[in-house]
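In what follows, a structure is listed as structure tokens, so that the remarks can point back to it.
The values are calculated or read from the model by the stated rules, or taken from the named source; none is laboratory data. Not measured: the values here are computed from a predicted model. Please note: Cβ atoms are built from the backbone with ideal geometry, for glycine as well, and neighbour counts cover all protein chains shown. Heads up: the accessible areas ignore ligands, DNA and RNA and are worked out on the full protein's heavy atoms, side chains in. Shrake-Rupley method; radii C 1.70, N 1.55, O 1.52, S 1.80 Å.
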Amino acid sequence: GVDSDEAIKSRYVAAVLYYAFGGENWLNKYRFLSERDICSWNQKFIEGVLGLSCGTDGTVELFQLPGNNLAGSIPPEIGYFSNLIGLNMANNSIGGSLASIVDLTRLQELNFTQNALTGTLPEFLFTHRTLTNIDLEHNRLFGSISDSLGNSNQLRVFWARNNSLTGTIPSAVGQSWILASVTLSFNELVGTIPEFTPSSRLMGLYLENNKLTGTIPTTIGSLSSLQTFAVGGNGNEGTGITGPIPSEIGKCQNLYFLRLENNTLVESIPSELGSLSTLEYLLLRNNRLTGAIPTEIGRSRGLLSADFDANYLNGTLAPFVDSLPPSIESLDVGGNQLEGTIPDSIGSLTQLNFLDFRSNNLNGSITSEFGNLTLLEILDLGANNFVGTIPTSIASLPQLTSLRVYGNDLMGSLEAFCDIWDDSGLFKTLAANTCGQANDIVCPCCNQCCNIDIFECRPVN
């Protein structure tokens, strides 16, 4: 147990923390400042205990007040709770630095996501002997990340998304045998993606929306545990990650989320991506990829979303569509140079809710098989070379809220669409004609026209 002097000190420190974090404005007071023993200043929920809770020896082990309207900064007195193993202050408005937690030498989990912390990342976070999980996402932290990240024998999770961190990614991130998840997206990091070694146990690496350059290391193929690899949004207009997509990614047999969009990747998409049997999300939009879309990608029988928008992909569309698994929910191949017709097999992809074929060189008639896609919400066939009329089966799709067919050689009337859509009650977007040109399609309920040159649609009166 705790002797009376220790109990008085603990009570004093808990009171200091209450006032330092604006306790009078907390949403739940958790019995703070009550006559009870401070080990009962908490409340039990299904997901665990919130407030202050103690271990079997009567000393404070957990201090958890997420989403409780805390403000202020961390007072140095918190260091008195030297047996603290869990500190969770997520989703509050706590500012200041992390310097005051330096004496919490037994801490295992630290969570200050969604606060207003400032200052740099203290070195002790990365040399700590017991910390396993650090979550500092969505704060105002700046400065560089210590080279010690990845050298710890305990730290498994380091999340610091959406801060203002600068400098490079420590090389140990790609070599640590203990780090499992690193999230550094939405910062201002520069330099290259670190090389990887077979000793790495990385399961998730999130580096999106930084200022990274260089190529994706071919050593990525050694990451046998990798499930998520996200480096999208590191550049545009010739900046960001460049070079080809390494075929070695196909060796990452547990990968289900691959995000490479908004960079300057070149050459063709490697067919080895078809070896990723667990792949669910593939985002390659807005790069400079060329060649045909490999049909091997369809071997990923759990594929949910594939986005190839705004590249230089060519070849015929049909073989790729024919190869797609019935699980696919979102497909975007807009803004490329694909040719040929839309195959009737599109009608077998009944889980589709988003489909974008706009701005290619597709031709032929629009298949009535679209009528089988009863979950489809958005369909864009604009700026191609389709001929004939628009099948009325499309108008009957119960979930469809947006249809664009502008910039083709279509003819006829969409009045039947207007009758059905007026009765549906859903808000609709319908664009059948090009802005400023004579209307080839009679469409009294069209509420947008589109400009093919800048791929933009706008409301019509």
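A few remarks follow.
- Boolean, L52 is outside any loop (DSSP other than H, G, I, E, B) and out of contact with any strand residue (DSSP E or B) (no Cβ under 6 Å at 6 or more places or on another chain): no
- Any hit, the range 239-259, residues being of a type in the set (D, E), closer than 17 Å to D309 by Cα and open to solvent by 10 Å² or more (accessible area, probe 1.4 Å): no
- Residue list for the range 326-346, restricted to those being out of contact with any strand residue (DSSP E or B) (no Cβ under 6 Å at 6 or more places or on another chain) and not in a loop (DSSP other than H, G, I, E, B): D344, S345, I346
- Of the candidates N372, N385, the single residue that is touching a helix residue (DSSP H, G or I) at 6+ places or on another chain (Cβ under 8 Å), of a type outside the set (A, V, I, L, M, F, W, C) and open to solvent by 20 Å² or more (accessible area, probe 1.4 Å) is N372.
- Inter-residue pairs, beta-carbon under 7 Å, first of a type in the set (F, W, Y) and in the range 125-149, second open to solvent by 30 Å² or more (accessible area, probe 1.4 Å) and part of a loop (DSSP other than H, G, I, E, B), 6+ apart: F142/T120; F142/T166
- Qualifying residue in the range 307-325 (condition: open to solvent by less than 30 Å² (accessible area, probe 1.4 Å), over 27 Å from V387 (Cβ atoms) and not in a loop (DSSP other than H, G, I, E, B)): yes
- Qualifying positions in the range 85-132 - open to solvent by less than 20 Å² (accessible area, probe 1.4 Å), under 28 Å from the mean Cα position of the chain (by Cα), under 21 Å from E61 (Cβ atoms) and not polar (S, T, N, Q): G86, L87, M89, A90, I94, L98, L110, F112, L125, L131
- Taking strands (runs of 3 or more DSSP E) as the structural unit, those lying wholly within the range 355-461 and holding at least 2 residues that are of a type in the set (A, V, I, L, M, F, W, C) correspond to 378-380, 385-388, 429-434, 448-451.
- On the stretch given as the range 328-368, residues that are within 25 Å of E280 (Cα to Cα), open to solvent by 60 Å² or more (accessible area, probe 1.4 Å) and in contact with a helix residue (DSSP H, G or I) (Cβ under 7 Å, 6 or more places away or on another chain) total 1.
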